[in-house]
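What follows is one structure encoded as structure tokens, with my remarks underneath.
The values are calculated or read from the model by the stated rules, or taken from the named source; none is laboratory data. Quick caveat: nothing in here was measured; it's all calculated off a predicted structure. Because the Cβ atoms are built from the backbone with ideal geometry, glycine has one as well, and the counts that use them run over all protein chains shown. Protein only, heavy atoms only, side chains kept; ligands, DNA and RNA dropped before computing areas. Shrake-Rupley method; radii C 1.70, N 1.55, O 1.52, S 1.80 Å.
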Amino acid sequence: MTPVRTLCLALCLGGLCLSVAAPVAEAQQGPLRIEITEGVIEPLPFAVPTFVAENPSAGQIADQVSRVVAADLAGTGLFREIPSSAFISPVTSFDAPVAYADWKAINAQALITGAVSQGSDGRINVKFRLYDVFSGAPLGEGLQFGGGQGDWRRIAHKVADQVYARITGETGYFDSRVVYVSESGPKDQRLKRLAIMDYDGANVQYLTDSSTIVLAPRFSPSGDRILYTSFETGFPRIKLMDLASVSSRALADLQGNMTFAPRFSPDGATVVFSLSQDGNTDLFAMQLSSGQTTRLTNAPSIETAPSFSPDGSKIVFESDRSGTQQLYVMSAGGGEATRISFGEGRYGTPVWSPRGDMIAFTKQNAGRFHIGVMRTDGSEERLLTASFLDEGPTWAPNGRVIMFTRETAGAGGVSQLFSVDISGRNLRAVPMEGGASDPAWSPLLP
């Protein structure tokens, strides 16, 4: 095994550093690859031996990082972890030769090895390699991540993102956050406050108290700001929060009017939202730098839940202009809109995929709620879920997974966050305490 030689270039943002660790001899590109289709996929078996602790203080963190990497990959439904009880040979040194025959014997197709060290200042360093067991070669170059002791979860997510990307050919989504509405109390007196967490439910932080109702938080494209709707004044008003300072301000002073359902443009310079005045609800756009507002729709109907296409050229929204709640697409500057939903039932809360090829939505039909996806012209509609109440989809940064709210029936019903793959596979609850609704997925963290 050739040693890892760390390059001198490093990217350090928010206390977290990334450097490329390039082997002296260039790693071979193996054939290991998951081709993700809409059919049934047999999960790829992988092994993650506990990362080697290179000094005594790194022992606990090495174990924790290994477990998060394994949980990230297994949680996608695309990978199956081989338990450590099946291992034939231990990994006691990061630079020891890989005993490929031992890993083949237990049918591991991918092997992830790593090492963790901790300095006297508490900062940790994590390095890993990914191996294609059956070709007997590394898959890509080794990588090395560094950060503060409190960054170990983020580092683990970054390792998993790299493994996921190399095997699937798609960008990962583990090093990301979700902002949502935390709920507590009985159904008829529910207390709501904004909260933020890692994508997997860990590291929950509360952003507001429960003194006023808050709804529909939305991340900025850079992930440093949040738009949401607040009932602090007694009726809905849009507020803008800076996450670094956790301070908020009203988006605009539109006296006597209700504003809600905000969303950023892809460049973060514009906010599109619904405004109700004189008994009518239309879509408006506001330039954040100047506060200048432009009316986008002007119809005797309710227009709401706008969402930009990734290139910023179009907006999808819901409207009852045809007599029932349906989805429409128009130019980002307003003008004539084209209806794209034509199935049975009512459609709402559309959200454009980060890839630009699909739109997720909520559908209500025959007493059931569904999360679904369709092409941007309305074709190839596919329902992914069905329950008493599923609503409010949000896309993972790579456009592969959708998170949404599921509420159970009855007076004691509670709201919980679920996720599902866009093929309809791998429906699972997000592990977290308490009730939750209105999730919004951030972009990948820097």
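In table form, for the structure just shown:
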{"item": "Where labels lie 7 Å past Cα in the beta-carbon direction, separation of Glu336 and Ser301 in nm", "result": "1.5"}
{"item": "Cα-based helix-to-principal-axis angle, 59-74 vs the chain, degrees rounded to 10", "result": "60"}
{"item": "P(r) weight above 24 Å for region 219-360, C-alpha pairs, percent", "result": "28"}
{"item": "Helix axis angle, 152-168 relative to the chain longest principal axis, alpha carbon, degrees", "result": "90"}
{"item": "Alpha carbon centroid spacing (whole Å) that separates region 301-362 from region 393-408", "result": "17"}
{"item": "Cα-based Rg of region 118-211 normalised by 2.2 N^0.38 Å, two decimals", "result": "1.51"}
{"item": "q = 0.09 Å⁻¹, the chain: log10 I(q)/I(0) [Debye, one scatterer per Cα]", "result": "-0.63"}
{"item": "Kirkwood Rh and Cα Rg combined as Rg over Rh, evaluated for region 131-265", "result": "1.12"}
{"item": "Whole-Å semi-axes of region 76-180's equivalent ellipsoid (Cα gyration tensor)", "result": "25, 19, 12"}
{"item": "FRET efficiency, 1/(1 + (r/R0)^6) with R0 35 Å, evaluated for Thr294 and Ala71 via beta carbons", "result": "0.15"}
{"item": "Pairwise Cα inverse-distance average, inverted: Kirkwood Rh of region 156-230 (Å)", "result": "14.1"}
{"item": "Cα Rg over Rh - region 188-292, Kirkwood", "result": "0.97"}
{"item": "Contour minus Cα-Cα distance for Asp311 and Arg123 (0.36 nm per residue)", "result": "63.8 nm"}
{"item": "Region 112-149 versus region 209-265: alpha-carbon centroid distance in Å", "result": "40"}
{"item": "Scattering profile of region 346-410 at q = 0.29 Å⁻¹ [log10 I(q)/I(0), Debye over alpha-carbon scatterers]", "result": "-1.32"}
{"item": "Average projected area [Cα convex hull, region 262-328], square nanometres", "result": "4.5"}
{"item": "Distance histogram in 5 Å bins (all Cα pairs of region 226-265, percent per bin)", "result": "6, 25, 34, 21, 11, 3, 0"}
{"item": "Separation of the Phe231 and Ala250 label points, Cα + 7 Å toward Cβ, nm", "result": "1.8"}
{"item": "In the chain, lysine pairs with alpha-carbon atoms under 27 angstrom apart (chain gap of 8 or more, or interchain)", "result": "9"}
{"item": "Rough spin-label spacing in nm, given labels placed 7 Å along Cα→Cβ, for Ala366 and Ser57", "result": "6.3"}
{"item": "Residues of region 285-345: accessible area per residue with a 1.4 Å probe, Å²", "result": "48"}
{"item": "Estimated Rh, region 301-446: Kirkwood, alpha-carbon pairs, angstrom", "result": "15.5"}
{"item": "Residues Thr376 and Ser89, FRET efficiency given R0 of 45 Å [Cβ-Cβ distance, rounded to 0.05]", "result": "0.35"}
{"item": "Overall Cα dimensions of region 245-291 - principal axes, largest extent first, Å", "result": "35, 22, 18"}
